[in-house]
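The values are calculated or read from the model by the stated rules, or taken from the named source; none is laboratory data. Just so it is clear, the model here is predicted, and its values are computed rather than measured. Ideal geometry is used to build each Cβ from the backbone, glycine not excepted, and the neighbour counts take in all protein chains shown.
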Amino acid sequence: MSANREQFSSRLGFILAAAGSAVGIGNLVGFPVSAAKNGGGAFLIIYALFVAFICLPVMIAEMALGRKAQKDPYGAYHSLTGGDKKWSFAGALAVLTPFMIAVFYMVITVWIFGYLVQTFIGNLDQLANPDNFGVFINEYTVFGYMAGVVVLVNLILVGGVKEGIEKAAKLMMPALFVLLIGLVAYVLTLDNAMAGVRYYLVPDFSKMDASVLNGALSQAFFSLSLGMGILITYASYISKKEDIVGSSKMVAVTDSLVAFIAGLMVLPAIFSFNPNVNPEELSDSSVSMIFVYLPQLLLTLQADIGYVGASVVAGIFFLLVFFAAITSLVSIIEVPTASLMEAKGYTRKKSLTVLAVTTGILTVLCTMSFGMVEGLTKFTQYGGGVDKSFFDIISDVFYDTILPFNGLLLCLFVTYRWRKANLSEELTQGNEGYKGSFMEKYVNFSLSTFIPVILLLIFVNTVATKYFAISLFGF
Ligand code: PFF
(Lines give C-alpha, C1' and ligand atoms only; values in the text may rest on other atoms or scores of the structure.)
Protein backbone atom coordinates (compact mmCIF):
# COMPACT_ATOMS: atom_id res chain seq x y z
CA MET A 1 0.00 0.00 0.00
CA SER A 2 1.40 3.40 -0.83
CA ALA A 3 2.24 5.04 2.47
CA ASN A 4 0.59 8.36 1.84
CA ARG A 5 -2.52 7.39 -0.07
CA GLU A 6 -5.56 9.32 1.10
CA GLN A 7 -8.19 7.39 3.05
CA PHE A 8 -11.77 7.74 4.17
CA SER A 9 -11.84 8.42 7.90
CA SER A 10 -14.37 5.73 8.71
CA ARG A 11 -16.45 2.90 7.30
CA LEU A 12 -19.51 5.12 7.51
CA GLY A 13 -17.75 7.80 5.50
CA PHE A 14 -16.90 5.30 2.79
CA ILE A 15 -20.40 3.81 2.69
CA LEU A 16 -22.02 7.24 2.51
CA ALA A 17 -19.68 8.33 -0.26
CA ALA A 18 -20.29 5.15 -2.27
CA ALA A 19 -24.03 5.41 -1.64
CA GLY A 20 -23.82 9.06 -2.66
CA SER A 21 -22.35 7.94 -5.92
CA ALA A 22 -25.01 5.31 -6.41
CA VAL A 23 -27.99 7.44 -5.48
CA GLY A 24 -28.41 9.69 -8.48
CA ILE A 25 -30.88 11.22 -10.84
CA GLY A 26 -31.83 7.73 -12.04
CA ASN A 27 -33.07 6.68 -8.61
CA LEU A 28 -35.40 9.56 -8.05
CA VAL A 29 -37.48 9.64 -11.20
CA GLY A 30 -36.23 7.08 -13.73
CA PHE A 31 -36.64 4.13 -11.42
CA PRO A 32 -40.17 4.88 -10.17
CA VAL A 33 -41.48 5.58 -13.65
CA SER A 34 -39.98 2.48 -15.21
CA ALA A 35 -41.23 0.38 -12.28
CA ALA A 36 -44.76 1.73 -12.71
CA LYS A 37 -44.75 1.16 -16.45
CA ASN A 38 -43.28 -2.30 -16.33
CA GLY A 39 -45.34 -4.29 -13.89
CA GLY A 40 -45.15 -2.39 -10.56
CA GLY A 41 -44.41 -4.87 -7.79
CA ALA A 42 -43.30 -7.45 -10.33
CA PHE A 43 -40.62 -5.05 -11.58
CA LEU A 44 -39.60 -4.31 -7.99
CA ILE A 45 -39.11 -8.00 -7.24
CA ILE A 46 -37.12 -8.62 -10.41
CA TYR A 47 -35.03 -5.53 -9.79
CA ALA A 48 -34.24 -6.63 -6.24
CA LEU A 49 -33.20 -10.07 -7.51
CA PHE A 50 -30.93 -8.51 -10.13
CA VAL A 51 -29.33 -6.27 -7.52
CA ALA A 52 -28.74 -9.17 -5.13
CA PHE A 53 -27.64 -11.87 -7.56
CA ILE A 54 -25.97 -10.03 -10.43
CA CYS A 55 -24.97 -6.53 -9.39
CA LEU A 56 -23.78 -7.25 -5.87
CA PRO A 57 -21.02 -9.69 -6.94
CA VAL A 58 -19.81 -7.16 -9.53
CA MET A 59 -19.80 -4.43 -6.89
CA ILE A 60 -17.84 -6.64 -4.50
CA ALA A 61 -15.32 -7.44 -7.25
CA GLU A 62 -14.82 -3.77 -8.10
CA MET A 63 -14.21 -2.87 -4.49
CA ALA A 64 -11.87 -5.80 -3.93
CA LEU A 65 -9.84 -4.85 -6.97
CA GLY A 66 -9.54 -1.22 -5.90
CA ARG A 67 -8.56 -2.01 -2.36
CA LYS A 68 -6.03 -4.62 -3.39
CA ALA A 69 -4.31 -2.37 -5.89
CA GLN A 70 -4.70 0.86 -3.89
CA LYS A 71 -4.90 2.56 -7.23
CA ASP A 72 -7.27 4.12 -9.76
CA PRO A 73 -8.75 1.70 -12.36
CA TYR A 74 -5.97 2.12 -14.90
CA GLY A 75 -3.34 1.70 -12.21
CA ALA A 76 -5.20 -1.32 -10.82
CA TYR A 77 -5.37 -3.27 -14.10
CA HIS A 78 -1.85 -2.21 -14.97
CA SER A 79 -0.17 -2.99 -11.68
CA LEU A 80 -1.88 -6.30 -10.99
CA THR A 81 -0.80 -7.64 -14.39
CA GLY A 82 2.69 -6.19 -14.34
CA GLY A 83 1.82 -3.84 -17.18
CA ASP A 84 0.08 -6.28 -19.54
CA LYS A 85 -1.04 -4.26 -22.58
CA LYS A 86 -4.40 -5.98 -23.07
CA TRP A 87 -5.50 -5.41 -19.53
CA SER A 88 -4.11 -1.92 -19.42
CA PHE A 89 -6.53 -1.25 -22.26
CA ALA A 90 -9.38 -2.40 -20.00
CA GLY A 91 -8.02 -0.04 -17.35
CA ALA A 92 -7.85 2.84 -19.80
CA LEU A 93 -11.44 2.18 -20.80
CA ALA A 94 -12.42 2.17 -17.14
CA VAL A 95 -11.04 5.71 -16.87
CA LEU A 96 -12.25 7.05 -20.21
CA THR A 97 -15.81 5.88 -19.47
CA PRO A 98 -16.30 7.91 -16.27
CA PHE A 99 -14.67 10.88 -17.97
CA MET A 100 -17.27 10.79 -20.76
CA ILE A 101 -20.20 9.91 -18.51
CA ALA A 102 -19.22 12.85 -16.32
CA VAL A 103 -19.79 15.09 -19.32
CA PHE A 104 -23.20 13.59 -20.05
CA TYR A 105 -24.22 13.80 -16.38
CA MET A 106 -22.88 17.31 -15.98
CA VAL A 107 -25.24 18.58 -18.67
CA ILE A 108 -28.28 17.29 -16.78
CA THR A 109 -26.97 18.45 -13.40
CA VAL A 110 -26.55 21.95 -14.81
CA TRP A 111 -30.20 21.99 -15.89
CA ILE A 112 -31.27 20.81 -12.44
CA PHE A 113 -29.27 23.58 -10.84
CA GLY A 114 -30.92 26.05 -13.18
CA TYR A 115 -34.40 24.80 -12.26
CA LEU A 116 -33.48 24.93 -8.58
CA VAL A 117 -32.37 28.54 -8.82
CA GLN A 118 -35.41 29.49 -10.91
CA THR A 119 -37.74 27.91 -8.38
CA PHE A 120 -36.05 29.78 -5.54
CA ILE A 121 -36.42 33.12 -7.25
CA GLY A 122 -40.13 32.54 -7.68
CA ASN A 123 -40.37 31.37 -11.30
CA LEU A 124 -42.13 28.05 -10.84
CA ASP A 125 -45.02 29.28 -13.00
CA GLN A 126 -42.59 29.83 -15.85
CA LEU A 127 -40.96 26.42 -15.40
CA ALA A 128 -44.41 24.83 -15.56
CA ASN A 129 -44.94 26.10 -19.09
CA PRO A 130 -44.34 23.03 -21.29
CA ASP A 131 -42.36 25.13 -23.78
CA ASN A 132 -40.04 26.46 -21.12
CA PHE A 133 -37.54 23.60 -21.14
CA GLY A 134 -36.76 23.89 -24.84
CA VAL A 135 -36.11 27.59 -24.41
CA PHE A 136 -34.19 27.22 -21.15
CA ILE A 137 -31.61 24.76 -22.51
CA ASN A 138 -30.88 27.00 -25.45
CA GLU A 139 -30.34 30.22 -23.55
CA TYR A 140 -26.82 31.37 -22.79
CA THR A 141 -27.63 31.64 -19.07
CA VAL A 142 -27.20 27.87 -19.01
CA PHE A 143 -23.44 28.49 -19.14
CA GLY A 144 -23.75 30.54 -15.94
CA TYR A 145 -25.36 27.56 -14.22
CA MET A 146 -22.66 25.37 -15.63
CA ALA A 147 -20.00 27.57 -14.05
CA GLY A 148 -21.82 27.23 -10.72
CA VAL A 149 -21.85 23.43 -10.86
CA VAL A 150 -18.21 23.22 -11.97
CA VAL A 151 -17.13 25.46 -9.09
CA LEU A 152 -19.13 23.50 -6.51
CA VAL A 153 -17.89 20.09 -7.68
CA ASN A 154 -14.31 21.31 -7.74
CA LEU A 155 -14.58 22.89 -4.32
CA ILE A 156 -15.59 19.49 -2.99
CA LEU A 157 -12.98 17.54 -4.90
CA VAL A 158 -10.10 19.84 -4.11
CA GLY A 159 -10.67 19.02 -0.44
CA GLY A 160 -9.59 15.46 -1.20
CA VAL A 161 -11.04 12.20 0.06
CA LYS A 162 -11.60 12.97 3.73
CA GLU A 163 -12.19 16.69 3.76
CA GLY A 164 -13.95 16.91 0.42
CA ILE A 165 -15.74 13.77 -0.81
CA GLU A 166 -16.48 12.32 2.61
CA LYS A 167 -17.62 15.58 4.19
CA ALA A 168 -19.91 16.38 1.28
CA ALA A 169 -21.44 12.90 1.44
CA LYS A 170 -21.92 13.12 5.20
CA LEU A 171 -23.77 16.37 4.74
CA MET A 172 -25.74 15.73 1.57
CA MET A 173 -26.80 12.11 2.03
CA PRO A 174 -28.62 12.51 5.35
CA ALA A 175 -30.11 15.77 4.03
CA LEU A 176 -31.29 13.95 0.92
CA PHE A 177 -32.91 11.27 3.02
CA VAL A 178 -34.72 13.78 5.23
CA LEU A 179 -35.95 15.78 2.22
CA LEU A 180 -37.15 12.61 0.52
CA ILE A 181 -39.04 11.34 3.57
CA GLY A 182 -40.55 14.80 4.06
CA LEU A 183 -41.79 14.88 0.48
CA VAL A 184 -43.20 11.35 0.69
CA ALA A 185 -45.07 12.24 3.88
CA TYR A 186 -46.54 15.30 2.21
CA VAL A 187 -47.42 13.62 -1.10
CA LEU A 188 -49.21 10.78 0.66
CA THR A 189 -51.68 13.28 2.12
CA LEU A 190 -52.80 14.40 -1.36
CA ASP A 191 -56.11 13.25 -2.86
CA ASN A 192 -55.83 10.02 -4.80
CA ALA A 193 -52.33 9.34 -3.56
CA MET A 194 -53.23 5.77 -2.66
CA ALA A 195 -54.16 4.97 -6.26
CA GLY A 196 -50.54 5.77 -7.14
CA VAL A 197 -49.20 3.61 -4.33
CA ARG A 198 -51.37 0.73 -5.50
CA TYR A 199 -50.25 1.08 -9.09
CA TYR A 200 -46.64 1.13 -7.96
CA LEU A 201 -46.80 -1.87 -5.67
CA VAL A 202 -49.33 -4.31 -7.11
CA PRO A 203 -47.43 -6.84 -9.22
CA ASP A 204 -48.38 -7.42 -12.83
CA PHE A 205 -46.19 -10.21 -14.16
CA SER A 206 -47.80 -10.11 -17.59
CA LYS A 207 -45.61 -7.12 -18.47
CA MET A 208 -42.39 -9.08 -18.03
CA ASP A 209 -40.64 -9.72 -21.30
CA ALA A 210 -37.05 -9.79 -22.47
CA SER A 211 -36.95 -6.07 -23.01
CA VAL A 212 -38.28 -5.27 -19.52
CA LEU A 213 -35.75 -7.64 -17.99
CA ASN A 214 -32.95 -6.04 -19.98
CA GLY A 215 -34.15 -2.58 -18.93
CA ALA A 216 -34.32 -3.57 -15.26
CA LEU A 217 -30.83 -5.04 -15.28
CA SER A 218 -29.32 -2.07 -17.12
CA GLN A 219 -31.04 0.27 -14.70
CA ALA A 220 -29.73 -1.65 -11.68
CA PHE A 221 -26.23 -1.73 -13.14
CA PHE A 222 -26.21 2.00 -13.81
CA SER A 223 -27.87 2.83 -10.53
CA LEU A 224 -25.21 1.05 -8.51
CA SER A 225 -22.50 2.96 -10.40
CA LEU A 226 -21.00 -0.24 -11.79
CA GLY A 227 -18.63 -0.35 -14.74
CA MET A 228 -17.62 3.27 -14.14
CA GLY A 229 -14.43 2.70 -12.15
CA ILE A 230 -15.92 4.63 -9.25
CA LEU A 231 -16.03 1.78 -6.77
CA ILE A 232 -12.52 0.67 -7.72
CA THR A 233 -11.30 4.18 -6.97
CA TYR A 234 -13.29 4.72 -3.77
CA ALA A 235 -12.27 1.32 -2.42
CA SER A 236 -8.65 2.20 -2.99
CA TYR A 237 -9.16 4.69 -0.16
CA ILE A 238 -10.21 2.15 2.48
CA SER A 239 -8.16 0.10 4.87
CA LYS A 240 -7.66 -3.64 4.95
CA LYS A 241 -9.74 -3.77 8.12
CA GLU A 242 -12.95 -2.93 6.29
CA ASP A 243 -15.42 -5.64 5.42
CA ILE A 244 -16.00 -5.18 1.68
CA VAL A 245 -18.87 -7.63 1.38
CA GLY A 246 -20.72 -5.98 4.26
CA SER A 247 -20.09 -2.49 2.87
CA SER A 248 -21.25 -3.52 -0.60
CA LYS A 249 -24.50 -4.83 0.83
CA MET A 250 -25.05 -1.56 2.68
CA VAL A 251 -24.46 0.47 -0.47
CA ALA A 252 -26.74 -1.74 -2.57
CA VAL A 253 -29.50 -1.65 0.04
CA THR A 254 -29.27 2.12 0.51
CA ASP A 255 -29.37 2.77 -3.21
CA SER A 256 -32.31 0.44 -3.79
CA LEU A 257 -34.17 1.77 -0.77
CA VAL A 258 -33.87 5.35 -1.95
CA ALA A 259 -35.12 4.31 -5.40
CA PHE A 260 -38.01 2.43 -3.84
CA ILE A 261 -38.97 5.31 -1.54
CA ALA A 262 -38.75 7.75 -4.44
CA GLY A 263 -41.55 5.72 -6.02
CA LEU A 264 -43.71 6.51 -3.02
CA MET A 265 -43.16 10.17 -3.80
CA VAL A 266 -43.45 10.18 -7.58
CA LEU A 267 -46.36 7.81 -8.29
CA PRO A 268 -48.81 9.21 -5.73
CA ALA A 269 -47.96 12.72 -6.94
CA ILE A 270 -48.70 11.71 -10.53
CA PHE A 271 -52.01 10.10 -9.63
CA SER A 272 -53.08 13.01 -7.52
CA PHE A 273 -52.25 15.38 -10.40
CA ASN A 274 -54.24 13.25 -12.83
CA PRO A 275 -56.39 10.47 -11.32
CA ASN A 276 -57.04 9.04 -14.78
CA VAL A 277 -53.41 8.83 -15.77
CA ASN A 278 -52.25 5.74 -17.57
CA PRO A 279 -48.65 5.36 -16.36
CA GLU A 280 -47.82 3.37 -19.47
CA GLU A 281 -48.14 6.59 -21.40
CA LEU A 282 -45.68 8.49 -19.23
CA SER A 283 -42.44 9.41 -20.87
CA ASP A 284 -39.58 6.96 -20.53
CA SER A 285 -37.16 9.78 -20.29
CA SER A 286 -36.21 11.06 -16.85
CA VAL A 287 -35.33 14.33 -18.51
CA SER A 288 -38.81 15.07 -19.78
CA MET A 289 -40.33 13.89 -16.49
CA ILE A 290 -38.12 16.17 -14.38
CA PHE A 291 -38.13 19.23 -16.56
CA VAL A 292 -41.52 19.18 -18.27
CA TYR A 293 -44.04 16.98 -16.49
CA LEU A 294 -43.13 17.47 -12.83
CA PRO A 295 -42.98 21.30 -12.87
CA GLN A 296 -46.58 21.33 -14.17
CA LEU A 297 -47.58 18.91 -11.46
CA LEU A 298 -45.77 20.92 -8.77
CA LEU A 299 -47.47 24.14 -9.83
CA THR A 300 -50.94 22.64 -9.40
CA LEU A 301 -50.19 22.27 -5.69
CA GLN A 302 -50.83 26.00 -5.43
CA ALA A 303 -54.55 25.30 -5.30
CA ASP A 304 -53.92 23.65 -1.93
CA ILE A 305 -50.98 25.45 -0.43
CA GLY A 306 -50.61 28.65 -2.45
CA TYR A 307 -47.92 29.68 -4.90
CA VAL A 308 -45.26 30.08 -2.24
CA GLY A 309 -46.10 26.68 -0.76
CA ALA A 310 -45.93 25.02 -4.17
CA SER A 311 -42.60 26.74 -4.82
CA VAL A 312 -41.23 25.48 -1.51
CA VAL A 313 -42.24 21.90 -2.35
CA ALA A 314 -40.73 22.28 -5.84
CA GLY A 315 -37.57 23.79 -4.34
CA ILE A 316 -37.23 20.83 -1.98
CA PHE A 317 -37.69 18.43 -4.88
CA PHE A 318 -35.04 20.09 -7.04
CA LEU A 319 -32.68 20.37 -4.08
CA LEU A 320 -33.10 16.66 -3.46
CA VAL A 321 -32.31 15.81 -7.07
CA PHE A 322 -29.43 18.29 -7.03
CA PHE A 323 -27.81 16.68 -3.96
CA ALA A 324 -28.19 13.26 -5.58
CA ALA A 325 -26.60 14.51 -8.79
CA ILE A 326 -23.70 16.34 -7.13
CA THR A 327 -22.55 13.38 -5.02
CA SER A 328 -22.65 11.22 -8.17
CA LEU A 329 -20.79 13.78 -10.23
CA VAL A 330 -18.12 14.12 -7.56
CA SER A 331 -17.60 10.36 -7.51
CA ILE A 332 -17.28 10.05 -11.25
CA ILE A 333 -14.82 12.93 -11.64
CA GLU A 334 -12.71 11.51 -8.84
CA VAL A 335 -11.82 8.57 -11.13
CA PRO A 336 -9.90 10.50 -13.82
CA THR A 337 -8.61 12.81 -11.09
CA ALA A 338 -7.04 9.87 -9.27
CA SER A 339 -5.70 8.53 -12.57
CA LEU A 340 -3.97 11.75 -13.51
CA MET A 341 -2.47 12.02 -10.04
CA GLU A 342 -1.20 8.46 -10.28
CA ALA A 343 -0.12 8.24 -13.90
CA LYS A 344 1.24 11.73 -14.43
CA GLY A 345 2.24 12.57 -10.89
CA TYR A 346 0.05 15.68 -10.94
CA THR A 347 -1.14 17.30 -7.75
CA ARG A 348 -4.88 17.03 -7.04
CA LYS A 349 -5.28 20.70 -7.97
CA LYS A 350 -3.54 20.31 -11.30
CA SER A 351 -5.54 17.17 -12.16
CA LEU A 352 -8.76 18.95 -11.34
CA THR A 353 -7.80 21.93 -13.44
CA VAL A 354 -6.98 19.74 -16.44
CA LEU A 355 -10.27 17.93 -16.04
CA ALA A 356 -12.32 21.07 -15.50
CA VAL A 357 -11.00 22.40 -18.80
CA THR A 358 -11.37 19.17 -20.81
CA THR A 359 -14.75 18.09 -19.46
CA GLY A 360 -15.79 21.74 -19.61
CA ILE A 361 -15.13 21.95 -23.35
CA LEU A 362 -17.04 18.72 -24.02
CA THR A 363 -19.89 19.81 -21.75
CA VAL A 364 -20.20 23.08 -23.65
CA LEU A 365 -20.33 21.14 -26.93
CA CYS A 366 -23.01 18.85 -25.51
CA THR A 367 -24.98 21.78 -24.16
CA MET A 368 -24.95 23.34 -27.61
CA SER A 369 -26.17 20.15 -29.23
CA PHE A 370 -29.82 20.69 -28.30
CA GLY A 371 -30.48 23.25 -30.98
CA MET A 372 -27.95 26.04 -30.38
CA VAL A 373 -25.58 24.76 -33.05
CA GLU A 374 -26.97 22.80 -36.00
CA GLY A 375 -23.76 20.86 -36.67
CA LEU A 376 -23.72 19.54 -33.09
CA THR A 377 -27.47 18.95 -32.93
CA LYS A 378 -27.46 16.80 -36.06
CA PHE A 379 -23.95 15.55 -35.57
CA THR A 380 -24.32 12.23 -37.31
CA GLN A 381 -26.74 9.43 -38.16
CA TYR A 382 -26.82 5.75 -37.27
CA GLY A 383 -29.20 3.04 -36.16
CA GLY A 384 -31.24 3.18 -39.35
CA GLY A 385 -30.79 6.82 -40.31
CA VAL A 386 -31.69 8.38 -36.95
CA ASP A 387 -30.22 11.87 -36.38
CA LYS A 388 -27.86 11.88 -33.44
CA SER A 389 -26.59 14.89 -31.54
CA PHE A 390 -23.18 15.16 -29.92
CA PHE A 391 -24.86 14.48 -26.57
CA ASP A 392 -26.65 11.39 -27.94
CA ILE A 393 -23.36 9.90 -29.07
CA ILE A 394 -21.77 10.21 -25.66
CA SER A 395 -24.84 8.76 -24.01
CA ASP A 396 -25.23 5.90 -26.52
CA VAL A 397 -21.58 4.94 -26.64
CA PHE A 398 -20.51 5.29 -23.06
CA TYR A 399 -23.64 4.89 -20.99
CA ASP A 400 -25.54 2.32 -23.03
CA THR A 401 -22.75 0.39 -24.70
CA ILE A 402 -19.44 0.55 -22.88
CA LEU A 403 -20.82 0.27 -19.35
CA PRO A 404 -21.85 -3.40 -19.59
CA PHE A 405 -18.65 -4.05 -21.57
CA ASN A 406 -16.56 -2.68 -18.70
CA GLY A 407 -18.51 -4.90 -16.34
CA LEU A 408 -17.77 -7.88 -18.55
CA LEU A 409 -14.04 -7.13 -18.65
CA LEU A 410 -14.00 -6.69 -14.90
CA CYS A 411 -15.60 -10.10 -14.27
CA LEU A 412 -13.16 -11.80 -16.63
CA PHE A 413 -10.20 -9.96 -15.17
CA VAL A 414 -11.00 -10.67 -11.57
CA THR A 415 -11.76 -14.36 -11.95
CA TYR A 416 -9.45 -15.47 -14.77
CA ARG A 417 -6.51 -13.12 -14.65
CA TRP A 418 -6.19 -11.86 -11.09
CA ARG A 419 -7.81 -15.17 -10.07
CA LYS A 420 -10.47 -16.26 -7.66
CA ALA A 421 -8.06 -17.26 -4.92
CA ASN A 422 -6.68 -13.73 -4.80
CA LEU A 423 -10.15 -12.26 -4.84
CA SER A 424 -11.11 -14.48 -1.89
CA GLU A 425 -7.93 -13.55 -0.11
CA GLU A 426 -8.70 -9.85 -0.43
CA LEU A 427 -12.31 -10.28 0.66
CA THR A 428 -11.29 -12.28 3.70
CA GLN A 429 -9.36 -9.29 5.00
CA GLY A 430 -11.82 -7.51 7.24
CA ASN A 431 -14.24 -10.47 7.08
CA GLU A 432 -12.73 -13.61 8.61
CA GLY A 433 -15.78 -15.71 7.90
CA TYR A 434 -15.69 -15.08 4.15
CA LYS A 435 -13.46 -17.98 3.19
CA GLY A 436 -15.52 -21.13 2.81
CA SER A 437 -18.81 -19.25 3.06
CA PHE A 438 -21.71 -19.61 0.67
CA MET A 439 -21.08 -16.01 -0.34
CA GLU A 440 -17.55 -16.86 -1.44
CA LYS A 441 -18.77 -19.76 -3.56
CA TYR A 442 -21.53 -17.70 -5.09
CA VAL A 443 -19.30 -14.71 -5.88
CA ASN A 444 -16.62 -16.88 -7.47
CA PHE A 445 -19.06 -18.97 -9.44
CA SER A 446 -21.29 -16.16 -10.70
CA LEU A 447 -18.46 -13.83 -11.69
CA SER A 448 -16.77 -16.52 -13.72
CA THR A 449 -19.86 -17.95 -15.43
CA PHE A 450 -23.29 -16.48 -15.98
CA ILE A 451 -22.72 -12.83 -15.08
CA PRO A 452 -20.16 -12.24 -17.87
CA VAL A 453 -22.40 -14.16 -20.26
CA ILE A 454 -25.37 -11.92 -19.43
CA LEU A 455 -23.25 -8.78 -19.76
CA LEU A 456 -21.94 -10.01 -23.10
CA LEU A 457 -25.47 -10.60 -24.37
CA ILE A 458 -26.51 -7.12 -23.30
CA PHE A 459 -23.46 -5.62 -24.96
CA VAL A 460 -23.93 -7.47 -28.26
CA ASN A 461 -27.64 -6.73 -28.32
CA THR A 462 -27.05 -3.03 -27.62
CA VAL A 463 -24.51 -2.75 -30.41
CA ALA A 464 -26.86 -4.51 -32.86
CA THR A 465 -29.95 -2.48 -32.01
CA LYS A 466 -28.36 0.92 -31.40
CA TYR A 467 -25.99 1.12 -34.29
CA PHE A 468 -27.37 -1.29 -36.86
CA ALA A 469 -31.08 -1.30 -36.03
CA ILE A 470 -31.08 -5.09 -35.86
CA SER A 471 -32.97 -6.76 -33.04
CA LEU A 472 -31.07 -9.94 -32.18
CA PHE A 473 -32.83 -11.36 -29.17
CA GLY A 474 -36.08 -9.43 -29.23
CA PHE A 475 -35.07 -7.03 -26.45
N1 PFF B 1 -25.97 5.82 -9.79
C2 PFF B 1 -25.99 6.99 -10.53
C3 PFF B 1 -27.43 7.33 -10.93
O4 PFF B 1 -28.29 6.49 -10.71
O5 PFF B 1 -27.72 8.40 -11.40
C6 PFF B 1 -25.13 6.66 -11.65
C7 PFF B 1 -24.10 7.66 -11.93
C8 PFF B 1 -24.21 8.35 -13.04
C9 PFF B 1 -23.10 7.92 -11.05
C10 PFF B 1 -23.34 9.30 -13.34
C11 PFF B 1 -22.21 8.89 -11.33
C12 PFF B 1 -22.38 9.58 -12.47
F13 PFF B 1 -21.59 10.57 -12.75
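Some observations on this one:
- Residue in segment 320-331 that is within 20 Å of VAL33 (Cα to Cα), away from the ligand (no atom under 16 Å from the Cβ), out of contact with any Pro (no Cβ under 8 Å at 6 or more places or on another chain) and part of a helix (DSSP H, G or I) present: no
- Residue within segment 71-89 that is within 16 Å of the ligand (Cβ to nearest atom), assigned to a helix (DSSP H, G or I) and modelled with pLDDT of 95 or more present: yes
- Residues (assigned to a helix (DSSP H, G or I) and either of a type in the set (A, V, I, L, M) or in contact (Cβ under 8 Å) with a residue 24 or more places away in the chain (or both)) located in segment 359-387: THR359, GLY360, ILE361, LEU362, THR363, VAL364, LEU365, CYS366, THR367, MET368, PHE370, LEU376
- Only one of the listed residues (SER239, SER218, SER247, SER283) is buried (at least 20 other Cβ atoms within 10 Å of the Cβ) and either in contact (Cβ under 8 Å) with a residue 60 or more places away in the chain or β-branched (Val, Ile, Thr) (or both). That residue is SER247.
- Any hit, segment 161-168, residues being of a type in the set (Asp, Glu) and either crowded, with 22+ Cβ neighbours inside 10 Å or in contact with a Phe, Trp or Tyr (Cβ under 8 Å, 6 or more places away or on another chain) (or both): yes
- Residue pairs whose Cβ atoms lie under 6 Å apart, sitting 6 or more positions apart in sequence or on different chains, and linking a residue in segment 291-320 that is under 22 Å from GLY30 (Cβ atoms) to a partner that is among the aromatic types (Phe, Trp, Tyr) and surrounded by 15 or more Cβ atoms within 10 Å (Cβ to Cβ), are PHE291/PHE133; VAL292/PHE133; LEU297/PHE273; GLY315/PHE120; PHE318/TYR115.
- Given (1) under 21 Å from the mean Cα position of the chain (by Cα); (2) free of Cβ contacts under 8 Å to residues at least 60 places away in the same chain, number of the condition THR327 does not satisfy: (2)
- All told, GLU62 falls short of being part of a loop (DSSP other than H, G, I, E, B) and either within 12 Å of the ligand (Cβ to nearest atom) or out of contact with any strand residue (DSSP E or B) (no Cβ under 9 Å at 6 or more places or on another chain) (or both).
- Search result, residues across segment 6-24 that are more than 13 Å from MET63 (Cβ to Cβ), away from the ligand (no atom under 16 Å from the Cβ) and assigned to a helix (DSSP H, G or I): LEU12, GLY13
- Here TYR442 does not qualify as assigned to a helix (DSSP H, G or I) and touching a strand residue (DSSP E or B) at 6+ places or on another chain (Cβ under 7 Å).
- Residue match in segment 336-347 (condition: charged (D, E, K, R) and within 15 Å of the ligand (Cβ to nearest atom)): no
- Of everything in segment 97-134 that is touching a residue at least 12 places away in the same chain (Cβ under 8 Å) and not in a helix (DSSP H, G or I), the residue that is farthest from the ligand (Cβ to nearest atom) is GLY122.
- Taking the criterion of being surrounded by fewer than 19 Cβ atoms within 10 Å (Cβ to Cβ) and either farther than 23 Å from PHE222 by Cα or in contact (Cβ under 8 Å) with a residue 40 or more places away in the chain (or both), the residues of segment 432-453 that qualify are GLU432, GLY433, LYS435, GLY436, SER437, PHE438, MET439, LYS441, TYR442.
- LEU176 being assigned to a helix (DSSP H, G or I), modelled with pLDDT of 95 or more and of a type outside the set (Gly, Ala, Ser): yes
- Verdict on LEU355 being assigned to a helix (DSSP H, G or I) and within 16 Å of the ligand (Cβ to nearest atom): yes
- Filtered residues of segment 197-233 (kept if near the ligand (Cβ under 10 Å from one of its atoms), closer than 15 Å to THR97 by Cα and either polar (S, T, N, Q) or assigned to a helix (DSSP H, G or I) (or both)): PHE221, PHE222, SER225, ILE230
- Hey, PHE317 within 22 Å of MET173 (Cβ to Cβ), part of a helix (DSSP H, G or I) and either more than 16 Å from the ligand (Cβ to nearest atom) or under 21 Å from the mean Cα position of the chain (by Cα) (or both) or not: yes
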